[in-house]
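Worksheet for the structure shown next.
The values are calculated or read from the model by the stated rules, or taken from the named source; none is laboratory data. In this text, all values refer to a predicted model and were calculated from it rather than measured experimentally. Using ideal geometry, Cβ is built from the backbone for each residue, glycine included, and neighbour counts are taken over all protein chains shown. The area values use the complete protein model at the heavy-atom level, side chains included, leaving out ligands, DNA and RNA. Shrake-Rupley method; radii C 1.70, N 1.55, O 1.52, S 1.80 Å.
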Amino acid sequence: MERLVERLEKAVERLELVCEGPGRCGDGSSKGVAQYVQAFDALLAGPVAEYIKISKEVGGDVQKHAEMVHVGLMSERALLVMASQHQQPAENAFTSLLKPISEQIQVVQNFREKNRGSKMFNHLSAVSESIPALGWVAMAPKPGPYVKEMTDAAMFYTNRILKEYKDVDKKQVDWVKAYLSIWTELQAYIKEYHTTGLTWSKTGPVATEGAKSPSAAPAGAAPPPPGPPPPPAPAPTSCSTDDSASRSALFAQINRGEGITSGLRHVSDDMKTHKNPALKNQGGPVRSGPKPFTAPKPACNANPSPQTSPKAPALLELEGKKWRVENQENAPNLVISDTELKQVAYVFKCTNSTLQIKGKINSITLDNCKKLGLVFDDVVGIVEIINSRDVKVQVMGKVPTISINKTDGCHVYLSKNSLDCEIVSAKSSEMNVLIPTEGGDFTEFPVPEQFKTVWNGQKLVTTVTEIAG
């Protein structure tokens with residue numbers, strides 16, 4: 001990693017010395033390289049190099065993740081070089097050319113999934129949520145807005161990093177700025193060179209999977225790794241972590257426009273049963289109704305094995321200052337009682353269980369939980385509910401903020417001392433807040449999910465849409 005950063009730093013110096021004008025840099029090695037490839041090299045030598053440099057200073061999982069992101073960017077550069085020297089290929093060939101990029105996106109996202117207990121989980125999540133932006137090369141006619149959409153997905157986690165380190169560690173704040181600047185600069189790059197989609201050469205051979213590019217890698221940067229030829233019908237390796245690649249393929253199909261119907265067969269009048277009743281009397285299978293229900297087959301099984309994969313062990317333990325409660329199933333009496341103010345609780349993938357946390361702690365996070373009940377006394381920071389379903393949270397003491405994100409079905413029971421709590425929600429549904437009454441009961445209030453936005457001449461004004469029941 002040290003050698004990589006040194007080489008990227010040298011690349012910055014060389015680019016600064018050899019730039020001859022706006023949009024053009026050359027030092028002999030750039031001869032014959034398309035202008036938009038040179039512009040992408042400037043992005044690599046600028047924002048990307050800064051991001052990798054700061055990631056190295058942060059170290060640990062953040063540094064490893066940055067290496068993976070760099071491989072993805074270099075794979076993208078290789079595709080840009082090929083596009084600058086070849087004509088646009090057929091759709092199936094283009095899909096094969098995209099494979100190294102899509103595979104590296106999955107590598108980046110899998111790293112986050114395998115390191116959910118990492119102290120830098122917010123950093124890993126910010127990168128994993130936005131890395132599908134590398135798939136802009138498959139988007140048309142608006143690749144720029146797609147990159148912005150992916151960047152916005154990272155903001156939830158980068159805001160958490162800024163909130164945690166704003167007055168504590170300036171290096172973490174610089175990391176956020178450096179990382180987000182990559183995608184900001186990429187949007188500007190796309191707007192200038194690939195406004196409606198990846199720009200292909202009008203001359204040269206048609207690009208194929210085995211096409212070679214004679215252009216060298218940018219000075220000081222590692223060459224892109226060669227992608228192995230894919231099998232005829234590659235099977236997905238994950239049912240849950242390849243959503244972004246699948247979405248990219250879907251967008252690519254949709255963006256074919258009228259060409260999407262080119263494979264349909266025309267049905268003439270003499271083949272239509274309503275115009276030729278005699279066709280109904282001809283032999284053939286008779287459809288008397290829908291087929292009886294059968295159990296659906298598994299959606300994906302990348303590693304078939306006679307034995308099912310072992311379940312992850314159930315945990316309830318204190319690791320440093322973090323209480324880890326993971327993979328608990330049908331556990332109605334989970335209790336954490338020996339707590340301290342500096343401790344946090346991370347509850348992951350717990351199902352049909354109840355957890356009680358006594359005393360005062362710093363924060364609580366529920367992640368990927370289903371049918372979970374949480375009861376706690378006091379939290380001085382925040383309670384976060386992420387990617388969960390059918391959870392109930394009861395506050396016995398005080399909590400300043402409760403965040404609900406990507407969750408369906410959430411009931412929050414507030415105490416009299418926590419009525420000033422701020423509840424922030426995004427991409428969630430079926431949320432209800434229950435307020436205590438004098439008689440000891442609770443009154444239920446739904447959290448709005450539908451909004452109306454209008455332009456008032458100067459700015460957008462958003463209000464809650466009231467729906468009469």
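One line per residue, one yes/no per condition, for (1) modelled with pLDDT under 90; (2) surrounded by 10 or more Cβ atoms within 10 Å (Cβ to Cβ); (3) not assigned by the TED database to the domain that holds Ile382:
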site	(1), (2), (3)
Pro292	yes, no, yes
Cys300	yes, yes, yes
Pro304	yes, no, yes
Gln307	yes, no, yes
Lys322	no, yes, no
Glu329	no, yes, no
Ile336	no, yes, no
Val344	no, yes, no
Phe348	no, yes, no
Quickly run through the stretch 115-174 and pick out the residues that are among the small types (Gly, Ala, Ser) and within 23 Å of Gln104 (Cβ to Cβ). Ser118, Ser125, Ala126, Ser128, Ser130, Ala133, Gly135, Ala138, Ala140, Gly144, Ala153, Ala154
Filtered residues of the stretch 55-83 (kept if open to solvent by 30 Å² or more (accessible area, probe 1.4 Å) and under 28 Å from Val206 (Cα atoms)): Val71, Ala78
Could you identify the single residue in Ser125, Ser130 that is within 30 Å of Ser201 (Cα to Cα), under 11 Å from the mean Cα position of the chain (by Cα), modelled with pLDDT of 90 or more and not aromatic (Phe, Trp, Tyr)? Ser130
Does the stretch 376-428 hold any residues that are more than 24 Å from Gly439 (Cα to Cα), outside any strand (DSSP E or B) and open to solvent by 10 Å² or more (accessible area, probe 1.4 Å), and which are they? Val380, Gly381, Asn387, Pro400, Lys406, Lys427, Ser428
Qualifying residues in the stretch 186-225 (those that are β-branched (Val, Ile, Thr) and open to solvent by 40 Å² or more (accessible area, probe 1.4 Å)) - the one modelled with the lowest pLDDT: Thr208
Go through (1) assigned to a helix (DSSP H, G or I); (2) at pLDDT 90 or above one by one and return the number of the condition Pro89 breaks. (1)
Does Thr158 satisfy being under 18 Å from Ser130 (Cα atoms), surrounded by 19 or more Cβ atoms within 10 Å (Cβ to Cβ) and either touching an Asp or Glu at 6+ places or on another chain (Cβ under 9 Å) or modelled with pLDDT of 90 or more (or both)? yes
Being at pLDDT 90 or above, open to solvent by 10 Å² or more (accessible area, probe 1.4 Å), out of contact with any Leu (no Cβ under 6 Å at 6 or more places or on another chain) and not in a helix (DSSP H, G or I): is that true of Pro141 here? no
